[in-house]
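The values are calculated or read from the model by the stated rules, or taken from the named source; none is laboratory data. What you are looking at is a predicted structure, and each value in this text was computed from that prediction instead of being measured. We place every Cβ from the backbone using ideal geometry, glycine too, and count neighbours over all the protein chains shown.
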Amino acid sequence: MRILVVEDEPKVASFIRRALEEESYAVDVCPDGAGGLDWAQTVNYDLIVLDLMLPGLPGVEVLKRARAAGVKTPVMILTARSEVDQRVKGLDAGADDYLTKPFAIEELLARARALLRRSGGAPSGILQVDDVVLNPVTREVTRAEQRLEFTTKEYALLEYLMRNAGRVLTRSMIAEHVWDLDFDTFTNVIDVYISYLRNKIDKGRERNLIQTIRGSGYMMRSDG
């Protein structure tokens, strides 16, 4: 899943980004309202974290214009404790939730999960492809009841493949959902990570679940 953070305070933005990436989300950070509005309208995000006090275009205006343009992505607004009127304006403009600064990162993550669940994008329910089982809540993965260990990015890639089992995923689709806007699509990083997954999931097994679809991309299926 991919999240946009529109926040002009570098330390706060970095803090949020690190926490979200540790939860296996792909995260883009924009420091101003105009850029955030542009990204919100052009990229298919699963959640937007939007600060209301932004340089140039205020957060409330970003939200109003995004909603007017048909952007339905869940939005969590960030405000200072004293900005009650701004918080109300944000909710009236179409925000789905708010968080006041300063905040505990655990609360931000919990609220993000709740919004994603509400929109149908949150990890919920056990995923299974053949004898590979992934628990999105605990992030435990097993094959034939043997527990497997993955890095954060390996896990994010595997979850994306399993959520789209039987569907061909192009490299650009994988890059969009597992990496961020700074990702260089001309590198072979995706192929390298697919190789990492194969070594952990398929190596030494009778059935290879991760398939290369020549000229198209990759697919995870149980009839390989």
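A few remarks follow.
- Annotation: Asn135 fulfils all but one of (1) loosely packed, with under 13 Cβ neighbours inside 10 Å; (2) in the same structural domain as Asn199 (by TED's automatic domain parsing); (3) free of Cβ contacts under 8 Å to residues at least 12 places away in the same chain; the unmet one is (1).
- Across the stretch 41-67, the qualifying residues are those that are closer than 20 Å to Arg17 by Cβ and in contact with a Lys or Arg (Cβ under 9 Å, 6 or more places away or on another chain), and the one among them that is surrounded by the fewest Cβ atoms within 10 Å (Cβ to Cβ) is Asn44.
- Remark: Leu161 falls outside the filter, which requires a residue to be closer than 21 Å to Thr42 by Cβ, in the same structural domain as Ser216 (by TED's automatic domain parsing), modelled with pLDDT of 90 or more and among the hydrophobic types (A, V, I, L, M, F, W, C).
- If the condition is being farther than 16 Å from Glu61 by Cβ and touching a residue at least 60 places away in the same chain (Cβ under 8 Å), then the stretch 26-48 contributes Ala26, Val27, Asp28, Val43, Asn44, Asp46, Leu47.
- Failed item, numbered, when Glu159 is tested on (1) touching a strand residue (DSSP E or B) at 6+ places or on another chain (Cβ under 7 Å); (2) outside any helix (DSSP H, G or I); (3) within 23 Å of Tyr25 (Cβ to Cβ): (2)
- In this structure, Ala95 does not qualify as crowded, with 19+ Cβ neighbours inside 10 Å and part of a helix (DSSP H, G or I).
- Residues in the stretch 69-85 that are loosely packed, with under 11 Cβ neighbours inside 10 Å and not small (Gly, Ala, Ser): Lys72, Arg81, Asp85.
- Some residue of the stretch 191-204 being in contact with a Ser or Thr (Cβ under 6 Å, 6 or more places away or on another chain) and closer than 30 Å to Thr42 by Cα: no
- Count of the stretch 136-156 residues, restricted to those that are of a type in the set (Val, Ile, Thr), part of a loop (DSSP other than H, G, I, E, B) and modelled with pLDDT of 90 or more, is 1.
- Taking the stretch 1-24 as the range and being of a type outside the set (A, V, I, L, M, F, W, C) and out of contact with any Asp or Glu (no Cβ under 8 Å at 6 or more places or on another chain) as the test, the residues that pass are Pro10, Lys11, Ser14, Arg17, Arg18, Glu21, Glu22, Glu23.
- Residue satisfying all of: in the stretch 97-133; more than 16 Å from the chain's Cα centre (by Cα) and at positive phi; modelled with the highest pLDDT among these: Asp130
- Taken across the stretch 13-20, residues that are buried (at least 19 other Cβ atoms within 10 Å of the Cβ) and touching a Lys or Arg at 6+ places or on another chain (Cβ under 8 Å) do not occur at all.
- Subset tally (residues that are within 12 Å of Thr170 (Cα to Cα), in a loop (DSSP other than H, G, I, E, B) and in contact (Cβ under 8 Å) with a residue 12 or more places away in the chain) for the stretch 192-224: 1
- Hey, Gly166 touching a residue at least 40 places away in the same chain (Cβ under 8 Å) and on the phi > 0 side of the Ramachandran plot or not: yes
- Residue match in the stretch 175-184 (condition: among the aliphatic types (A, V, I, L, M) and not in a loop (DSSP other than H, G, I, E, B)): yes
- If the condition is being more than 15 Å from Gln128 (Cα to Cα) and surrounded by 14 or more Cβ atoms within 10 Å (Cβ to Cβ), then the stretch 186-201 contributes Val189, Ile190, Tyr193, Ile194, Tyr196, Leu197, Arg198, Lys200.
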